[in-house]
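The values are calculated or read from the model by the stated rules, or taken from the named source; none is laboratory data. The model shown is predicted, which means the values in this text are computed figures rather than measured ones. Here the Cβ positions follow ideal geometry from the backbone for every residue, glycine too, while neighbour counts run over all protein chains shown.
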Amino acid sequence: MASLLSPSLPLLAAVALTLALAVIPAASINAEAKQVAVGGVEPADPKDKEVQKVVNFAVKTYNDMDNDLYLSRPIRVMSASQQVVAGMNYYLKIELGRTTCTKAESGLADCPFNEQSDQQKRVICNFQIYVEPLLNKMSTTNFNCYNA
């Protein structure tokens, strides 16, 4: 019986090797194509519901860190992009303007911008926000602002 199995074992090994070599190049090409896309920074729609949540979080971060007595709110989202990592990184560039509402008040969306020339304050901020959707958690990784 052993003599019957001996010739088929090398034949079986040769067939397996041939199949493996035929499949591996295609798999490695696909893996390389996917590697380029995973982790890449892509544009995000500023009007997207999730992006709006991140924008609101970024503005809250700015208002919490800024020593101004008045709240600031977004004038416009200048750019937004996202990157898939263990969660999601968002990169935002937002123009903010000072409102007439103090930080003690609520309802930021209803606060008008301060139009008095000596009270106007406009800044442009770059934010990096990390979102962990499964944990329902957001954190500010980095941000910096400069006068507009």
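For the reader, a short list of remarks on this structure follows.
- For Arg122: the one exception among (1) free of Cβ contacts under 8 Å to residues at least 60 places away in the same chain; (2) surrounded by 14 or more Cβ atoms within 10 Å (Cβ to Cβ): (2)
- Test: residue in the range 95-109 that is at pLDDT below 95, closer than 19 Å to Pro46 by Cβ and not hydroxyl-bearing (Ser, Thr, Tyr): yes
- Candidate set from the range 60-95 (those that are polar (S, T, N, Q) and surrounded by 14 or more Cβ atoms within 10 Å (Cβ to Cβ)); member that is nearest to Leu134 (Cα to Cα): Asn89
- Selection of the range 67-81 for residues being small (Gly, Ala, Ser) and within 16 Å of Pro112 (Cβ to Cβ) yields only Ser72.
- Among the conditions (1) in a helix (DSSP H, G or I); (2) at pLDDT 95 or above, Leu21 misses just one, which is (2).
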